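Q: Please read through the structure below; I'll follow up with questions.
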Amino acid sequence: MRKTFVLFFSLLAASNQVRAQENDTIVVPSTLEIGIELSGPLIYFADSSLFNLEMRLAYRLNRKYHLVAEPGIGRYSYSQYNYSYKSGGFFLRVGADINLMRTKGDPVNHFAGLGLRYGIALFSQETPSASWSGYWGEHSFSVDPRFVHAHFLEVSGGVRGEVVKNIVIGWSIRARVLLYQSAGSGARPAMIPGIGTLSKSISPGFSYHLIWIIPLPG
Amino acid sequence: MPALRYISVLAAIAMAVLSSCSSDSCEEPVDAFINLSLRSDTDPDAEAIDSVTVYGAGMEEFLLYDTLSLSNIELPLFPGSESVSYIIRHGSFTDTVLISYTSELQFISKACGYSFFYTIREVNYTTNSINRILVINDYITPGYEENLRAFF
């Protein structure tokens, strides 16, 4: 929470600073961005059933547009009275971030805007044990490990601020929509790496990034 | 104005995200039963069949319906078998209904886990009180859609 306040105040300060320099000539260099998503490992310490580790790789085309790739791994295990479930694998989201800030001055590494992504997940899942009970008695069964691929879209909104030169932190909230998964309805995944647990048609997400910005020559 | 637009979009996304959050309790129908409706050939206007008792063959101690006036009954199936038999007693007449089916595993949700849907392959029955049974819908899912219709 404290970091969020720091980020907002730093963005506010940057915004005011930029207004004072609106007539300056601004050069926005292309950059590479290498970041790590921090909330996944933090959540894992609180809940070891869910592990998510992902990177952010981005190329800033100009002030407004960033090309983004977010590769990662995810692992999930869940158990309740009538079944247990495991899944794990890789995902990749690719797309763009659109900076909606109209600041014309330094620092140029702040961001407040939207992101659009297409994602693909390649993972395996299994149900080691499950049971069904009813009028006629109990029936135990399992579902063997199976490779699944899934495709999804994601829209996000968030802010990032430069806290140290070329070091940026920021958060975003994300909404993901599953387009297709190859397991069919009978073995529909309870969790898909890169999306999260599937409950309703929109899967929510939250990201907190620490990013290193590398200015490119020229 | 751009900031306002941005905040509006962000708020819309936040609302979508929050509205999609769900509790961890299973709140949807999971079990698939055969919905069998009961009709009278002698009195087409009758809304129910009187004095009906239903139980699984060999399960006399676990009556599903005990001497009731019924227009619809739910018959549970068993995924570990390919057929089940039910005893349907109407007054002093007793019939046996043998239902053959295939089972299909379905993942319902994280909270509910798995269930089974069924497809009716064949229905055989005695005709002491039952005149005929029609298959209305052979695919059995959770819900109240009529699957079989029995005429007495």
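Q: Give me the one-decimal nm value for the distance between modelled label points at B:THR102 and B:GLU74, 7 Å along each residue's Cα-to-Cβ direction.
A: 2.6
Q: Further question on the same structure: Calculate, for A:SER84 and A:LEU210, the FRET efficiency according to 1/(1 + (r/R0)^6) with r their C-beta to C-beta distance and R0 35 Å; round to the nearest 0.05. Intermediate results must be reported in sequence, preceding the final value.
A: Values: r = 34 Å, r/R0 = 0.98.
Efficiency for this residue pair is about 0.55.
Q: When only DSSP loop residues count, what GluC sites (Glu not before Pro) in segment B:71-152 have their Cβ near at most 16 other Cβ atoms within 10 Å? Kindly include the intermediate steps, with their values, before the conclusion.
A: Numbers: sites: B:GLU74, B:GLU82, B:GLU104, B:GLU122, B:GLU145, B:GLU146; in loops: B:GLU82, B:GLU145, B:GLU146.
When the GluC sites (Glu not before Pro) of segment B:71-152 are filtered for loop state and at most 16 Cβ neighbours within 10 Å, B:GLU82, B:GLU145, B:GLU146 remain.
Q: Further, regarding this structure: Sequence-distant or interchain residues sharing an amide H contact under 5 Å with B:ALA32, placed H: which?
A: Counting only residues 5 or more places away or on other chains, the set is B:PHE116.
Q: Taking only protein heavy atoms and a 1.4 Å probe, what accessible area per residue, in Å², does segment B:25-151 have with all protein chains in place?
A: Values: 6110 Å² over 127 residues.
I get 48 Å² per residue for this part.
Q: Mind listing the phi-derived Karplus ³J(HN,Hα) values for segment A:139-152, rounded to whole Hz, using 6.51, -1.76 and 1.60 with θ = phi - 60°, and x for any glycine or proline?
A: Once θ is set to phi - 60°, the couplings for segment A:139-152 become 10, 9, 7, 9, 10, 5, x, 8, 7, 10, 10, 9, 10, 8 Hz.
Q: For the pair B:SER92/A:ALA96, report the inter-label distance in nm, with labels modelled 7 Å from Cα in the Cβ direction.
A: According to this spin-label approximation, the distance is 8.4 nm.
Q: Out of segment A:144-209, which trypsin sites (Lys or Arg not before Pro) are coil in DSSP terms and have no more than 15 other C-beta atoms within 10 Å?
A: Values: sites: A:ARG146, A:ARG160, A:LYS165, A:ARG174, A:ARG176, A:LYS200; in loops: A:LYS165, A:LYS200.
Counting only loop positions with at most 15 other Cβ atoms within 10 Å, the trypsin sites (Lys or Arg not before Pro) in segment A:144-209 are A:LYS165, A:LYS200.
Q: In what order, largest first, do B:LEU77, B:LEU64, A:LEU153 sit by accessible area if the probe radius is 1.4 Å?
A: Numbers: B:LEU77 0, B:LEU64 50, A:LEU153 85 Å².
Descending accessible area places them as A:LEU153, B:LEU64, B:LEU77.
Q: Step through the residues of segment A:53-69 one at a time and calculate ³J(HN,Hα) from phi using the Karplus curve (6.51 cos²θ - 1.76 cosθ + 1.60, θ = phi - 60°), rounding each to whole Hz and writing x for Gly and Pro.
A: For segment A:53-69, the Karplus curve yields 9, 9, 10, 10, 10, 9, 10, 7, 6, 7, 4, 8, 10, 10, 8, 10, 10 Hz.
Q: Any idea how far apart A:HIS149 and B:TYR65 come out in nm if each label point goes 7 Å out from Cα toward Cβ?
A: That separation, rounded to one decimal, is 5.0 nm.
Q: Quick one: which bits of segment A:115-150 get at least 40 Å² less accessible when the partner protein chains are in, versus the chain alone, with a 1.4 Å probe?
A: By number: A:TRP132, A:TYR135, A:TRP136, A:HIS139, A:PHE141.
Q: Show me you know the interface measure: the accessible area buried between A and B, both chains summed, probe 1.4 Å, in Å² to the nearest 100. Mind showing how you got there, number by number?
A: Values: alone 12320 and 9350 Å², together 18410 Å².
Summing both chains' loss of accessible area gives about 3300 Å².
Q: Could you give the length gained on full extension between A:SER140 and A:ILE120, defined as 0.36 nm per residue of separation minus the Cα-Cα distance, in nm?
A: Numbers: separation 20, 0.36 × 20 = 7.20 nm, distance 3.28 nm.
Between A:SER140 and A:ILE120, full extension yields an extra 3.9 nm.
Q: Could you check how much of the accessible area of segment B:25-151 is carbon and sulfur, as a whole percent, using a 1.4 Å probe? Let's see the in-between values first.
A: Numbers: 2820 of 6110 Å².
Percent of accessible area from carbon and sulfur atoms in segment B:25-151: 46.
Q: If you add up the charges near B:VAL52, with Lys and Arg at +1 and Asp and Glu at -1, over every other residue whose beta carbon is less than 14 angstrom from its beta carbon, what do you get? Please report the intermediate quantities before stating the final value.
A: On the way: positive: B:ARG39, B:ARG89; negative: B:GLU47, B:ASP50, B:ASP66, B:GLU74, B:ASP95.
That works out to -3.
Q: 5 Å is the cut-off here: which amide hydrogens, built 1.01 Å from N in the peptide plane, fall below it relative to B:GLU146, excluding neighbours closer than 5 in sequence?
A: none
Q: Here is a follow-up. Under 8 Å for C-alpha pairs, at least 6 residues apart: give me the relative contact order for segment B:25-151, rounded to a whole percent.
A: On the way: 291 pairs, mean separation 36.5, N = 127.
Averaging sequence separation for qualifying contacts and normalising by length gives 29 percent for segment B:25-151.
The values are calculated or read from the model by the stated rules, or taken from the named source; none is laboratory data. For clarity, every value in this text was computed on a predicted model and none was experimentally measured. Counting neighbours? That spans all protein chains shown, and the Cβs are built from the backbone with ideal geometry, glycine included. These area figures cover heavy atoms from the full protein model, side chains too; ligands, DNA and RNA do not enter into them. Shrake-Rupley method; radii C 1.70, N 1.55, O 1.52, S 1.80 Å.
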